[in-house]
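Have a look at the structure below before the remarks.
The values are calculated or read from the model by the stated rules, or taken from the named source; none is laboratory data. The structure presented is a predicted model; accordingly, all values stated were derived computationally and were not measured. Neighbour counts run over all protein chains shown; Cβ positions are idealised from the backbone, glycine included.
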């Protein structure tokens, strides 16, 4: 479905529009920095649990170049996964970059296709889930270079803060809503009887901490089967490493 088709329907109306305002940009920047630290600690714990080795980062020119390269690749891969999810629901992704209010540089993926709420949420959170799971699997398969995955995994998760906030905002809307996305924002359409809503960034901080807890809990649940498999294979470092990291 396209935006023009929605506007022709008499039973639909615009009930909200979420845009990247200056206030939201400032909050996203601050929460992104905080989440980078929090997710960095989380993935550092995962790394230590897997390898039983601190794997400290070396500040050599080669190491810095590798770190920058992995971060850039992860950012591009993040948007590519958004695009794959869009394509899976019948859309045609478009990619680009910008700087929000001269404060926050960003990459974006958008499309002219209209999605229902749950499809849009799946598109939003796909990069966080896919890259996090693939990254931890890579840590397990390649323990010698596992520490190289900590920074890009933390950057990817921090970069998904806006996606998580949008997810929480959409969950406050009815399931039947339709969404049209472009680089300036997301327009939400509902039934003619739906109440017009206004999504404000004022509740972002509380949503951030709830989102962080939900994200980490979800990742632990997704990664739990890996621990079970490793335990079945008598590879105990990952299974018991978390306990050791907490009690030693």
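Against the criterion of being within 30 Å of residue 146 (Cα to Cα), modelled with pLDDT under 75 and in contact with a helix residue (DSSP H, G or I) (Cβ under 9 Å, 6 or more places away or on another chain), residue 233 does not qualify. Going through (1) surrounded by fewer than 18 Cβ atoms within 10 Å (Cβ to Cβ); (2) in contact (Cβ under 8 Å) with a residue 60 or more places away in the chain one by one, residue 107 falls short only on (2). Considering 112, 40, the condition of being under 15 Å from the mean Cα position of the chain (by Cα), over 26 Å from residue 200 (Cβ atoms), touching a residue at least 40 places away in the same chain (Cβ under 8 Å) and surrounded by fewer than 18 Cβ atoms within 10 Å (Cβ to Cβ) is satisfied by 40 alone. Based on what the data block shows, is residue 227 surrounded by 15 or more Cβ atoms within 10 Å (Cβ to Cβ), modelled with pLDDT of 90 or more and closer than 19 Å to residue 42 by Cβ? Criteria not met by residue 227.
The number of residues in segment 149-176 that are in contact with a helix residue (DSSP H, G or I) (Cβ under 6 Å, 6 or more places away or on another chain), farther than 25 Å from residue 25 by Cα and surrounded by fewer than 21 Cβ atoms within 10 Å (Cβ to Cβ) comes to 1.
Looking across 91, 98, 135, one residue alone is more than 18 Å from the chain's Cα centre (by Cα) and buried (at least 19 other Cβ atoms within 10 Å of the Cβ). It is 91. Taking segment 13-31 as the range and being crowded, with 18+ Cβ neighbours inside 10 Å and not in a loop (DSSP other than H, G, I, E, B) as the test, the residues that pass are 15, 16, 18, 24, 25, 27, 28, 31. Taking the listed residues 151, 123, 137, the one that is part of a helix (DSSP H, G or I) and modelled with pLDDT under 90 is 137, with no other qualifying.
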